[in-house]
Amino acid sequence: MNDINLQQYKVFFEVARTGNFTKAAQKLFISQPAVSKTIRNLEEETGAVLFFRGSKGVSLTEEGKMLFAHVEQAFIELEKGEEALNQSVALGIGTIRISCSSTLCKYVLLPYLKDFIIDNPHIKFNIECNSTTRSLSLLRDKKSDIGLIGRTAKQKDLNFYSLGNVHYIFIATESYLNNLKKRGAITEKEIFATGNIMLLDTENVSRQHIDNYLSSNNLEVNSVLEVNNMDLLLDFARIGMGIACVIKEFAEDDIKNGKVQELSLTVPIPPREIGFAYCKNAVISHSMEKFINFYSA
C-alpha cells in the first residue's frame, strides 16, 4: 500500500465515476492504455479486483465500492480545501499574530489596525499583550508573527522597522509635589528619595532602561510602587498616588489639561526606539506581507 500514490487513486476515482476507461482518460488528459495500466497496478498492489470489465464499460466490485467510498470522501475534502484556499486568496483571508505591550497596543498599534482593516477586512488578528522580552521569545519560537517592541541589543536575528523614538518622563499632580515640598523635598534628589516613585515591574525592558538612568544620575529611590501596565501608572499619577514614569507622547493630553505636570530633570531620560519586528527566517504569509507593506509604506 505504501507504493500507491495519489495519482493512482485519482485514476481509480475517475474510472469509477465515469464507468469507462476512455472517458476517464479524456477527463485526466492521459491515454486510455495509461488508465488501464494504472488500474491493473492498483489491483495488484491492493490484492483485490476493483472493477468488473464489460463490453460497455466497467462497474465496481464489492471491494471496489468499499475503496471508492473512502477515496470519494478524500477527493471531496480535497476539492473543499481547494475552494477554501481559492476563496482565501481572492478575499485576502488570513490571520496575523501580534505580540506587544498593552501600552504600545493602545497608543501605537490601534491606529495602524484601524486604517489597515478598512482595506483588509478579512484578515483576523490575534493580539497578545506582553513585555518586549516575552514578545522576542514568542517571535523566535514561531508563536507570534510580528512584534511591536522597543529596540534592544539582542535582536540581530530580526527584521526591525523603526516607528521612531518614545520619550520617558516623570509626572505627578501639583498637589502631590506640593506635599513633598512641605516634607522638605525640594531638590531633584530629595524628591526621588522621598516620593513614592511608580514604575513598571523589573521584568519590563522599559523599567531596566529607567533603572539605568536613575543609577547613572545617582538618584536614590526609597519607595517604589510597581505595576505591569503603563496605563495604571497614568491613572495612579492622576489621583495623586505618587510620581510615575511614563511615555511622554502618551501623557501629553493630561499634561496639557493640567491633570499632571512633568518633573523638570537635570538630565533628560534617553529616548527609546520602537518598531515592528519579525524573524529574518520566518515564512511570510500573504497576510503578513500585506501588513508589512502597509506599515512600511
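The values are calculated or read from the model by the stated rules, or taken from the named source; none is laboratory data. Source: prediction; values computed, not measured. Neighbour counts are summed over all protein chains in view; Cβ atoms, including those assigned to glycine, are modelled from backbone coordinates with ideal geometry.
Count of the stretch 199-254 residues, restricted to those that are modelled with pLDDT of 95 or more, within 27 Å of the chain's Cα centre (by Cα) and exposed (fewer than 15 other Cβ atoms within 10 Å of the Cβ), is 0. Against the numbered list (1) of a type in the set (D, E, K, R); (2) surrounded by fewer than 13 Cβ atoms within 10 Å (Cβ to Cβ); (3) in contact (Cβ under 8 Å) with a residue 60 or more places away in the chain, residue 80 comes up short only at (3). The number of residues in the stretch 265-292 that are among the polar types (S, T, N, Q) and at pLDDT 95 or above comes to 1. The residues on offer are 238, 272, and the sole one that is in contact (Cβ under 8 Å) with a residue 12 or more places away in the chain, within 20 Å of residue 136 (Cα to Cα), touching a Ser or Thr at 6+ places or on another chain (Cβ under 8 Å) and of a type in the set (Lys, Arg) is 272.
Note on the stretch 31-73: residues that are within 41 Å of the chain's Cα centre (by Cα) and surrounded by 12 or more Cβ atoms within 10 Å (Cβ to Cβ) total 2.
When 109, 177 are checked against the criterion of being under 29 Å from residue 265 (Cβ atoms), free of Cβ contacts under 8 Å to residues at least 60 places away in the same chain, crowded, with 16+ Cβ neighbours inside 10 Å and aliphatic (A, V, I, L, M), 109 stands alone in meeting it. Of the residues making up the stretch 255-271, those that are in a loop (DSSP other than H, G, I, E, B) and either under 34 Å from the mean Cα position of the chain (by Cα) or over 18 Å from residue 176 (Cβ atoms) (or both) are 266, 267, 268, 269, 270, 271. A residue that is at pLDDT below 90, surrounded by 12 or more Cβ atoms within 10 Å (Cβ to Cβ) and not aromatic (Phe, Trp, Tyr) cannot be found anywhere in the stretch 20-30.
Among the conditions (1) in a loop (DSSP other than H, G, I, E, B); (2) over 39 Å from the mean Cα position of the chain (by Cα); (3) in contact (Cβ under 8 Å) with a residue 12 or more places away in the chain, residue 155 misses just one, which is (2). Checking each residue in the stretch 126-152 for being of a type in the set (Lys, Arg), under 17 Å from residue 209 (Cα atoms) and not in a loop (DSSP other than H, G, I, E, B) picks out only 134. Can you find a residue in the stretch 115-122 that is surrounded by 13 or more Cβ atoms within 10 Å (Cβ to Cβ), in a helix (DSSP H, G or I) and not aliphatic (A, V, I, L, M)? Yes, the stretch 115-122 contains a residue that is surrounded by 13 or more Cβ atoms within 10 Å (Cβ to Cβ), in a helix (DSSP H, G or I) and not aliphatic (A, V, I, L, M).
Contact map, the stretch 9-23: residues that are part of a loop (DSSP other than H, G, I, E, B) paired with residues that are of a type in the set (Ser, Thr, Tyr), Cβ distance under 8 Å, separation 6+ or inter-chain. Pairs shown: 19/59.
Summed over the stretch 178-204, the residues that are assigned to a loop (DSSP other than H, G, I, E, B) and out of contact with any Leu (no Cβ under 9 Å at 6 or more places or on another chain) give a count of 7. Taking first residues from the stretch 135-150 that are more than 18 Å from residue 204 (Cβ to Cβ) and partners that are among the polar types (S, T, N, Q), the Cβ contacts under 8 Å between residues at least 6 apart in sequence or on separate chains come to 145/285; 146/99.
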